[in-house]
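Heads up: the structure comes next, in structure tokens.
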Amino acid sequence: MRILFYSIKDFEHPYLLEANKKNFPVKMTESALGTETASFAEGFTVVSIFTGDDASAPVIKKLKEVNVKYIAIRAAGYDNVDLQAAKENAIQVANAPAYSPYSIAEHALALLFAMNRKLILANDQVHHQNFKMNNLIGYDLHGKTVGIIGTGNIGGTLLKILNGFNCKLLAYDIRRNDDLVTNYNANYVSLEQLCRESDIISIHTPLNEQTKYLINKNLISIMKKGVMLINTGRGACVNTTDVLHYLESGHIGYFGADVYEKERGLFFHDWTGKALNDDLLKRLLMLPNVLITPHQAFATKEALGNIAETTFYNIECWAAGRCSDNELYKPAINYSSLSATNNL
Ligand code: NAD
């Protein structure tokens with residue numbers, strides 16, 4: 001079973017090589033999957049993709065034409081894959097769920113602290129030998145109201161961490177997690193109440209038709225003045241134009257994001273010294289109360305190891321004629337045995 005890895009970054013190599021226990025023949029390319037590059041997959045049974053790859057219906061059709069049978073996503077989110085098209089073309093798709101919810105939850109917390117305690121500004125000032133701290137005043141996290149939107153693996157992990165800070169925890173999800181209520185003081189409320197009452201709001205939903213622009217001017221306008229908004233989910237879960245408007249008016253106090261709705265083709269590349277053809281991002285980056293990181297929340301050693309292990313686990317299942325428990329739709333194949341050994 002030959003595997004083509006798209007969008008490979010240098011730092012992934014050792015983890016993937018280590019996880020390839022069955023020595024599948026692999027090829028790695030830095031190119032992203034798209035209409036222009038789908039033909040690279042000719043001769044490969046499996047393609048492995050990341051968040052910036054385009055696996056929309058036309059691309060899936062091209063993959064089918066070159067006989068690709070499986071897509072192994074090296075990520076938890078799969079908003080970039082048209083699952084219906086995959087199903088229609090009998091291409092099986094599996095992701096790497098819950099590879100390390102800590103890595104993303106802790107990154108959301110890092111954004112929170114860096115913005116609240118003005119760490120970037122302090123570091124800059126100190127390096128210029130300015131040791132004054134007039135503009136470095138933050139607030140105690142203790143006792144603040146934090147709203148978590150999406151209380152799955154990552155949002156739930158962040159909620160548990162924040163419970164240790166004695167925050168008042170508001171939660172919103174289409175599925176309630178009773179463990180968070182019973183053991184971690186979560187209080188499920190409506191999205192409107194969460195937005196009205198929270199000092200800090202952190203977004204952890206997947207991107208889909210229901211969550212696209214979930215956070216928009218209607219909800220932002222009822223948020224507390226000075227609210228801190230954090231997004232490590234997917235860029236388009238917030239309407240960035242609305243966020244910019246409310247940042248510029250001073251209504252949003254801080255915006256921290258690891259994801260950006262127009263990040264494809266931009267993030268994961270070095271644009272130093274080149275013109276940035278994105279006015280929205282340029283205006284965001286000019287604001288001192290905005291902290292953007294380049295989709296790096298998953299980038300811990302543990303997460304990278306687990307992503308690689310899960311990716312090869314999925315591929316090993318397929319090679320052995322089994323269904324992986326990470327498949328994103330039930331394939332119309334009568335597998336003789338189902339495996340349930342993977343809990344990564
Ligand atoms: P998860 O499936 O465990 O949790 C997602 C939660 O969102 C679930 O509880 C689900 O019920 C809830 N949800 C779905 N639709 C909703 C809606 N319309 N309204 C409210 N809640 C809704 O997923 P996870 O592992 O916690 O990951 C969440 C997302 O984080 C992923 O889909 C991915 O987009 C993103 N992510 C980002 C990074 C990063 O590096 N920045 C890394 C991993 C995942």
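Return yes when residue 309 is part of a helix (DSSP H, G or I), more than 29 Å from residue 173 (Cα to Cα) and modelled with pLDDT of 95 or more and no when it is not. It is true that residue 309 is part of a helix (DSSP H, G or I), more than 29 Å from residue 173 (Cα to Cα) and modelled with pLDDT of 95 or more.
Scanning the stretch 101-138 for residues that are in contact (Cβ under 8 Å) with a residue 24 or more places away in the chain and over 20 Å from the mean Cα position of the chain (by Cα) returns 116, 120, 121.
As a summary of the residue check, residue 159 satisfies the conditions (1) within 14 Å of the ligand (Cβ to nearest atom); (2) under 21 Å from residue 292 (Cβ atoms); (3) touching a Phe, Trp or Tyr at 6+ places or on another chain (Cβ under 9 Å); (4) not β-branched (Val, Ile, Thr) except for the one numbered (2). Residue check, residue 139 against (1) hydroxyl-bearing (Ser, Thr, Tyr); (2) more than 20 Å from residue 107 (Cα to Cα); (3) more than 9 Å from the ligand (Cβ to nearest atom); (4) in contact with a helix residue (DSSP H, G or I) (Cβ under 9 Å, 6 or more places away or on another chain), all met but one. Which one? Answer for residue 139: the failing condition is (2).
Looking at the stretch 264-273, is at least one residue among the hydroxyl-bearing types (Ser, Thr, Tyr), assigned to a loop (DSSP other than H, G, I, E, B) and exposed (fewer than 14 other Cβ atoms within 10 Å of the Cβ)?
Filtering the stretch 264-273 down to residues among the hydroxyl-bearing types (Ser, Thr, Tyr) leaves 272.
Imposing the further condition that a residue be assigned to a loop (DSSP other than H, G, I, E, B) reduces the set to 272.
Add one more test, that the residue is exposed (fewer than 14 other Cβ atoms within 10 Å of the Cβ), and what stays is 272.
Yes.
Restricting the stretch 20-35 to residues that are surrounded by 12 or more Cβ atoms within 10 Å (Cβ to Cβ) and in contact (Cβ under 8 Å) with a residue 40 or more places away in the chain leaves a set whose member that is farthest from the chain's Cα centre (by Cα) is 24.
Residue by residue, here is whether (1) surrounded by fewer than 20 Cβ atoms within 10 Å (Cβ to Cβ); (2) in a strand (DSSP E or B); (3) out of contact with any Ser or Thr (no Cβ under 8 Å at 6 or more places or on another chain) holds:
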{"site": "196", "(1), (2), (3)": "yes, no, yes"}
{"site": "205", "(1), (2), (3)": "no, no, no"}
{"site": "209", "(1), (2), (3)": "yes, no, yes"}
{"site": "213", "(1), (2), (3)": "yes, no, yes"}
{"site": "224", "(1), (2), (3)": "yes, no, no"}
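In this structure, does residue 207 turn out to be under 23 Å from residue 107 (Cβ atoms) and in contact with a strand residue (DSSP E or B) (Cβ under 8 Å, 6 or more places away or on another chain)? When the stated conditions are applied, residue 207 does not pass them.
When residue 65 is tested against (1) farther than 29 Å from residue 305 by Cβ; (2) within 17 Å of the chain's Cα centre (by Cα), exactly one condition is not met: (2).
Just need a number here: residues in the stretch 1-19 that are assigned to a strand (DSSP E or B) and more than 23 Å from the chain's Cα centre (by Cα). Break it down into steps so the answer makes sense when it comes.
At the first step, the residues of the stretch 1-19 found to be assigned to a strand (DSSP E or B) are 3-5.
In the following step, the residues that additionally are more than 23 Å from the chain's Cα centre (by Cα) were identified as 3.
Here the count works out to 1.
I want to confirm something. Restricting to the stretch 111-152 and keeping residues that are hydrophobic (A, V, I, L, M, F, W, C) and part of a loop (DSSP other than H, G, I, E, B), which single residue is farthest from residue 210 (Cα to Cα)? Outline the logic, then answer.
As a first pass, look at the stretch 111-152 and keep what is hydrophobic (A, V, I, L, M, F, W, C): 111-115, 119-122, 126, 131, 133, 136-137, 141, 146, 148-149.
Now restrict to residues that are part of a loop (DSSP other than H, G, I, E, B): 131, 133, 136-137, 141.
On the way: 131: 47, 133: 43, 136: 38, 137: 38, 141: 31 Å.
Selected residue: 131.
With respect to residue 78, determine if the residue is assigned to a loop (DSSP other than H, G, I, E, B) and assigned by TED's automatic domain parsing to the domain that holds residue 325.
yes
Of the listed requirements (1) within 16 Å of the ligand (Cβ to nearest atom); (2) closer than 21 Å to residue 162 by Cα; (3) among the aliphatic types (A, V, I, L, M); (4) in contact (Cβ under 8 Å) with a residue 60 or more places away in the chain, residue 191 misses just one: (4).
The values are calculated or read from the model by the stated rules, or taken from the named source; none is laboratory data. Note that the structure is predicted; figures quoted are calculated from it, not measured. Note that each Cβ is placed from the backbone with ideal geometry, even for glycine, and that neighbours are counted across all protein chains shown.
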